[in-house]
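Peer 1: Would you mind keeping the following structure in view while I ask a few things?
The values are calculated or read from the model by the stated rules, or taken from the named source; none is laboratory data. From a predicted model like this one, the values you see are computed outputs, not experimental measurements. Here the Cβ is made from the backbone with ideal geometry for all residues, glycine too, and neighbour counts use every protein chain on show. Heads up: the accessible areas ignore ligands, DNA and RNA and are worked out on the full protein's heavy atoms, side chains in. Shrake-Rupley method; radii C 1.70, N 1.55, O 1.52, S 1.80 Å.
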Amino acid sequence: MQRAEKSAMTSIGKEERFRDVFKQLTTGEILEPDDQVYILASAMLFIRRFQHDQRYTSYADLAYYIILKFSLQYADYAPLYDFAVNFGFYPIAKALLKNDLYDGNIITSCLGDIQLDQFRNESDDILTLEQHIASSSFLNENTQETCFLAPTSFGKSSLIADQIRRLGDLPRRIAILVPTKSLLIQTLQMIRKASLQRKMMIHDEMYDGEDSFIAVFTQERALRLLAKHDTCFDVIFVDEAHNLLKGDSRSILLSRVIAKNRVLNPDHRVFYLSPLIQDANNLRLTLDQNISSHVVRFNVKEPEIYELRLNKEVYQYNRFVNQSYKLREGIEIKDYLLSTSGEKNFVYNYRPVKIEQLAGEICEMVPQIEQTNEINEVAHILANEVHPDFYAIEHLKHGVVYLHGKLPDLVKEYLEFKYKVLPELKYVIANSVILEGMNLPIDTLFIFNTRGLHGKELMNLIGRVNRLNTIFGQEGNRLKRLLPKVHFINNEEHNCVKSKMENKIALLRSRVFDDEIKNPTLEAFDIEALLIPAASKDKYVEKVIAVQENERYLTATPETKEDEIRAYLIQSGIIEFYSDPTTVICRFIVESPTLATNPPEWWTALPMMEKIEYLFLRDIDSIADFEVSRLSHAEARNYYESHILVNQKKSLNENINSQVEYFKQKANSHDSKMYFGQSYGEEPYETESYPSHAHNAYVDLTKKNDRKLVNLAVVKLKMEDDFVSFKINKFIVMLFDYGLISADEYNRYIYGTTDDKKIRLTKYGLSVSMVSRLGEDGQLDNLEFDECNNLRAAPALEEFLLTVNDFYRFEIRRYIG
């Protein structure tokens with residue numbers, strides 16, 4: 001909403017009759033007949049204002065909101081049908097005709113119904129006119145770089161398959177870059193269903209010299225492929241492309257993929273997809289790039305915003321006139337939640353530990369549900385596969401699940417799947433893990449914490465409520481879902497002291513937010529445009545300069561061994577573990593030739609963690625990463641040696657039991673505090689080994705009962721897996737790349753085996769423990785890869801899957817085409 005629009009809307013909201021009638025319409029009060037005529041006439045005036053100057057989209061949005069509210073409230077759908085047909089909101093028009101909600105001329109209706117079918121896409125969905133034009137122009141675009149920008153749930157991901165299909169056999173090497181492993185699996189399944197007849201890859205080590213493939217990669221895997229093989233991409237799709245604007249290390253890696261591939265293949269094509277980018281040219285790495293845009297501006301959903309304040313008063317906010325209307329008073333959180341819950345409710349919180357706490361609190365608020373066979377089955381499975389004391393089991397009795405990034409991936413995805421398919425499960429408590437890649441059937445949103453939720457983040461979060469396929473892709477009249485319910489719950493336990501969410505709510509007045517460019521590798525980056533506190537600006541500037549110098553370093557040809565190793569450290573991300581990598585580089589130059597060509601017995605006999613300590617950590621005082629620095633201590637090295645070689649082959653339940661036993665031993669030792677990081681840490685811990693660690697990153701295990709220890713073990717295993725995957729493995733890969741360890745050592749630590757078939761399955765995404773379990777069940781020979789590298793099940797495996805529990809079956813089904 002532009003400044004002029006805001007001013008005009010505020011003035012309109014102050015006009016006495018409009019103010020009163022609009023408030024009644026917004027809050028659901030009954031309008032007198034003449035007021036009904038008045039408000040519809042007002043909507044017509046707003047439409048004409050938009051038609052006079054189409055830059056002012058808020059007038060069209062306001063007119064649509066009035067007509068939508070009126071039609072739904074009075075079951076008079078003629079105004080909504082007329083607006084939908086004339087404004088190109090064809091899915092609404094089709095839904096009205098399909099459900100016999102419009103009583104217009106029969107011939108006109110039939111003709112309109114036939115004409116609407118022209119706007120179906122490859123997935124058989126009816127598109128809005130603007131969506132149809134934007135997606136058609138995107139698919140037929142011939143420029144080198146192009147961007148598709150549309151609100152959340154407007155079918156951006158399906159355009160990837162449509163575009164690949166349109167491009168045909170050329171180009172041959174296609175990469176789809178996704179930000180998370182969960183989205184990687186989801187995208188793989190989508191592409192597999194599209195039957196595009198290409199070899200599929202989800203791991204860089206699956207590459208075997210092919211000149212035609214579709215690679216669904218994270219940016220890390222894409223970079224490794226480009227660095228280690230003589231290949232490049234002809235086409236890159238960047239899903240959730242707004243991540244390029246961020247300033248974290250993964251955003252820099254994402255821009256590095258595009259920059260590196262551009263050097264290798266100057267004629268490559270790049271397609272960006274996002275719901276949150278305002279100006280596509282902000283994605284440019286250099287000035288000579290020209291990124292065309294295909295934009296869907298209008299959203300057929302208009303959220304209804306409510307706020308429960310600390311004084312127990314309830315208000316409804318209208319973004320057009322920037323006014324809050326008092327609805328009720330004296331309402332407790334429990335009563336409010338129960339009275340406003342929908343069929344599927346998303347409760348948003350921030351920290352994982354607070355998500356678990358809030359899930360428990362909600363279980364105390366809502367009654368127990370009927371314990372159906374399906375719910376009992378899930379509870380029984382979680383007790384066996386995870387642990388009987390896993391919090392989620394008790395929550396199921398109340399129709400509650402929780403999701404966050406510290407849950408083991410398989411557990412998180414299984415709970416997500418069950419929330420989707422079981423109507424008994426009404427509440428999901430989660431954080432931002434739900435924002436990318438999780439398409440859950442949510443109809444109501446409760447926000448208990450607003451930390452980190454700025455304008456764009458709020459819009460993206462709200463966009464997850466009532467996805468369009470849940471409105472138009474199912475039977476019956478579901479048009480009320482076009483007004484998704486969003487509730488801001490002020491509270492001091494999960495938000496802040498004197499919680500006041502009005503300022504966050506006011507951000508929703510506009511749907512247009514300027515791009516905040518924090519990635520210093522982008523051409524539009526301007527450090528002066530960022531609001532950086534003066535106290536931390538110098539340190540931030542140093543970091544920016546270091547990032548920019550590193551990226552320039554990668555484009556230069558190494559002239560010395562030092563240059564080569566420094567470039568490797570930058571490319572791999574190992575450089576981020578050090579404030580100054582000079583000592584590591586010098587040691588590597590001195591030690592690696594002998595260790596590679598004529599390794600002494602003491603070196604070959606060392607366990608992997610000891611090798612890492614010797615080359616990368618010993619007597620080095622520039623280690624900047626606290627997690628990595630822990631490997632300087634023998635206890636930590638022994639722990640991770642066992643975790644990698646032994647634990648990764650065990651089942652989740654076995655590992656949890658082992659972890660709990662370890663916790664109990666540690667609790668009874670002289671050192672009862674365990675590192676959990678800031679997401680779960682409760683207190684700081686300074687010792688001679690770990691000095692000056694002031695953050696709340698530790699948990700005192702003596703203060704935890706058995707049930708709490710079990711649930712801490714669940715998240716600790718995920719933390720350790722992430723630490724191994726994102727940090728320890730980088731050291732192992734470097735040792736292998738420079739010939740300092742054998743292929744068998746590398747495979748044992750990275751894939752848990754030296755067996756070629758098991759390695760191939762692990763590269764495809766199957767966990768080491770799952771491959772071990774399939775081997776124990778005699779099922780490995782019943783898995784095979786087809787000519788497109790899709791994993792297929794032999795009939796014997798299909799029969800076997802009928803005999804196993806739902807959790808195990810779900811795990812296997814994720815990967816079988």
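Peer 1: Which angle between 0 and 90 degrees, to the nearest 10, do you get for helix 249-264 versus the longest principal axis of the chain when only C-alpha atoms count?
Peer 2: Taking the Cα atoms of the chain, the angle to 249-264 is about 80 degrees.
Peer 1: Please list the non-local residues whose amide H lies under 5 Å from the amide H of Tyr698, H modeled 1.01 Å from N, same-chain partners needing a gap of 5 or more.
Peer 2: Phe676, Glu682, Glu683
Peer 1: What is the sum of charges around Val541, taking Lys and Arg as +1, Asp and Glu as -1, for the other residues whose C-beta is under 15 Å from the C-beta of Val541?
Peer 2: Values: positive: Lys518, Lys537, Lys539, Lys543; negative: Asp526, Glu528, Asp538, Glu542, Glu549.
So the environment of Val541 carries a net charge of -1.
Peer 1: Right, something else. When the convex hull of the Cα atoms of segment 687-808 is projected onto a plane and the area is averaged over all directions, what value comes out in nm²? Show your work: numbers first, answer last.
Peer 2: On the way: hull surface 49.5 nm².
Seen from a random direction, the Cα hull of segment 687-808 projects 12.4 nm² on average.
Peer 1: Output needed for segment 283-428: three equivalent-ellipsoid semi-axes, defined as square roots of 5 times the C-alpha gyration tensor eigenvalues, in descending order, whole Å. Please report the intermediate quantities before stating the final value.
Peer 2: Numbers: eigenvalues 220, 147, 41 Å².
Computed over segment 283-428, the values are 33, 27, 14 Å.
Peer 1: Using only Cα atoms, find the angle between the long axis of helix 3-14 and the longest principal axis of the chain, and express it within 0 to 90 degrees, rounded to the nearest 10.
Peer 2: 50 degrees
Peer 1: Okay, moving on. Give me, ordered by chain and number, the residues 5 or more places off Tyr317 or on other chains with an amide H under 5 Å from its own placed amide H.
Peer 2: Residues meeting the amide H criterion: Ile305, Tyr306, Glu307, Tyr325.
Peer 1: With θ set to phi - 60°, apply the Karplus curve 6.51 cos²θ - 1.76 cosθ + 1.60 along segment 216-228 and write out the HN-Hα couplings as whole Hz, x wherever there is a Gly or Pro.
Peer 2: 9, 10, 7, 5, 4, 5, 5, 5, 5, 4, 5, 6, 9
Peer 1: Can you list which of the GluC sites (Glu not before Pro) found in segment 549-603 are DSSP loop residues with at most 15 other C-beta atoms within 10 Å?
Peer 2: Listed in order of number, the matching sites are Glu559.
Peer 1: What nm distance separates the two modelled labels at Arg552 and Leu196, each placed 7 Å from Cα along Cα→Cβ?
Peer 2: 3.7 nm
Peer 1: For the chain, what is the per residue volume of the convex hull drawn over the alpha-carbon atoms, in cubic angstrom?
Peer 2: Looking at the chain, the number lands at 185 Å³ per residue.
Peer 1: Taking amide H positions as placed 1.01 Å from N in the peptide plane, with prolines and chain starts having none, which residues 5 or more places from Ala624, or on another chain, fall under 5 Å of its amide H?
Peer 2: Those lying under 5 Å, H to H, from Ala624 are Tyr578, Ser579.
Peer 1: Please compute the modelled spin-label separation between Thr754 and Asp211, points set 7 Å along Cα→Cβ, answer in nm with one decimal.
Peer 2: Label-label distance for Asp211 and Thr754, simple model: 3.6 nm.
Peer 1: Where in segment 461-495 are there GluC sites (Glu not before Pro) that are in a DSSP coil and have at most 12 other Cβ atoms within 10 angstrom of their Cβ?
Peer 2: Details: sites: Glu475, Glu492, Glu493; in loops: Glu475, Glu492, Glu493.
Answer in residue order: Glu475, Glu492.
Peer 1: What translational D, rounded to a whole number of µm²/s, comes out for segment 302-369 from Stokes-Einstein when the hydrodynamic radius is the Kirkwood one over Cα pairs, at 10 °C and 1.306 mPa s? Don't jump to the answer; show the numbers that get you there.
Peer 2: On the way: Rh = 13.7 Å.
Using the Kirkwood radius from Cα pairs, D works out to 116 µm²/s.
Peer 1: Take Cys586 and Arg809, extend 7 Å from each Cα along the Cα→Cβ direction, and tell me the distance between the two endpoints in nm.
Peer 2: Taking the simple label geometry, Cys586 and Arg809 are separated by 6.2 nm.
Peer 1: Quote the accessible area belonging to Phe213 in square angstrom, nearest 10, computed with a 1.4 Å probe and with ligands, DNA and RNA left uncounted.
Peer 2: Looks like 0 Å² after rounding.
Peer 1: I want the local charge near Ala529. Using Cβ-Cβ distances under 12 Å, sum +1 for each Lys or Arg and -1 for each Asp or Glu among the other residues. Can you show the working numbers first?
Peer 2: Numbers: positive: Lys518; negative: Asp514, Asp515, Glu516, Asp526, Glu528.
Charge balance in the 12 Å sphere: -4.
Peer 1: Next question. Could you give the length gained on full extension between Glu374 and Thr27, defined as 0.36 nm per residue of separation minus the Cα-Cα distance, in nm?
Peer 2: Values: separation 347, 0.36 × 347 = 124.92 nm, distance 3.88 nm.
Taking 0.36 nm per residue and subtracting the Cα distance, the gain is 121.0 nm.
Peer 1: Find out how many positive minus negative residues lie around Asn782, taking Lys and Arg as positive, Asp and Glu as negative, among other residues whose Cβ is under 11 Å from that of Asn782.
Peer 2: Neighbourhood net charge equals -4.
Peer 1: With a cap of 16 neighbouring Cβ atoms within 10 Å, and only residues DSSP puts in a loop, list the chymotrypsin sites (Phe, Trp or Tyr not before Pro) found in segment 439-521.
Peer 2: Details: sites: Phe446, Phe448, Phe472, Phe488, Phe513; in loops: Phe448, Phe513.
Listed in order of number, the matching sites are Phe513.
Peer 1: Using Cα atoms only, what is the angle between the long axis of helix 561-572 and the major principal axis of the chain, expressed in degrees (0 to 90) to the nearest 10?
Peer 2: 40 degrees
Peer 1: Whole number please: convex hull volume per residue of the Cα set in segment 358-490, in Å³?
Peer 2: Values: hull volume 17.0 nm³, N = 133.
Considering the Cα atoms of segment 358-490, their hull volume per residue is 128 Å³.
Peer 1: Mind putting together the pair-distance distribution for segment 700-750? All Cα pairs, 5 Å bins, whole percent per bin, short to long.
Peer 2: Result, from short to long distances: 5, 18, 19, 13, 11, 10, 9, 8, 5, 1 percent.
Peer 1: Moving on to the next point. When every alpha-carbon pair in segment 8-162 is counted, what percent end up more than 19 Å apart? Show your work: numbers first, answer last.
Peer 2: On the way: 7328 of 11935 pairs.
Cα-Cα pairs of segment 8-162 separated by over 19 Å account for 61 percent.
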